[in-house]
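What follows is a single structure, written as structure tokens, with notes after it.
Taken together, the values in this text are just the output of simple stated rules run on the coordinates, not laboratory data. Worth saying up front: this structure is predicted, and the values here are computed from it rather than measured. Glycine also receives a Cβ, built like all others from the backbone with ideal geometry; neighbour counts cover every protein chain displayed.
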Amino acid sequence: MDQPAGFGSQPTGQPPQQPAQPQPAAGPKPVPPGYEFSANQKETIRVLAGKMKFVGIFYIVVAVLFGFVGLLALFFSPFVGIVYLIAIVPQLLIGIWTTNAATSFRQVVDTRGHDIPYLMNALSSLRKLYTLQFWLLILALAGLVLGIAVGVFLWFSGLLPIPGGPTTVTMSAL
């Protein structure tokens with residue numbers, strides 16, 4: 001049985017069946033026309049981007065202010081200062097990622113032919129934001145469950161006083 005040329009057989013000296021493709025010239029590749037949102041869709045995205053930008057900047061400003069409070073608190077109570085400085089990290093990240101997403105959404109509105117790449121940039125920032133919030137919620141819920149478990153253990157072991165527990169009533173002589 002004969003094998004087709006190119007599958008382990010020796011070249012026969014005949015030219016290939018299809019002409020070789022010319023090598024592309026170095027330089028930027030032409031950009032195919034991309035998806036464009038409608039005017040109504042772009043208006044919705046524009047309004048969303050504006051509100052997101054405000055929220056993101058607000059988070060950043062609050063995080064910076066809390067950072068200053070944390071630095072001042074270091075002089076009076078190092079523990080409180082460190083807690084403040086640790087607490088600003090998620091707030092700062094939320095602000096930065098929200099602002100980045102807003103900027104990408106705004107670029108969807110302001111440019112033509114590049115809606116999908118800008119949309120994907122915005123979604124990437126939002127994915128980071130919600131991944132952070134997901135893990136912060138998981139951490140908070142784990143802390144809540146742990147706190148309840150410790151409280152129940154202390155209550156049943158008698159180490160936690162029960163408010164309104166049994167009291168002794170004495171009658172004074174009239």
Residues of region 36-79 classified as outside any helix (DSSP H, G or I) and either closer than 16 Å to Leu119 by Cα or within 18 Å of the chain's Cα centre (by Cα) (or both), total: 3
Failed item in (1) under 26 Å from Lys51 (Cα atoms); (2) surrounded by 13 or more Cβ atoms within 10 Å (Cβ to Cβ); (3) without any contact (Cβ under 8 Å) to a residue 24 or more places away in the chain, with Trp97 passing the rest: (3)
Pairs with Cβ under 7 Å, 6+ apart, first in region 47-66 and more than 17 Å from Pro90 (Cα to Cα), second charged (D, E, K, R): Ala49/Arg106
Boolean, Tyr84 is over 22 Å from Tyr130 (Cβ atoms) and not in a helix (DSSP H, G or I): no
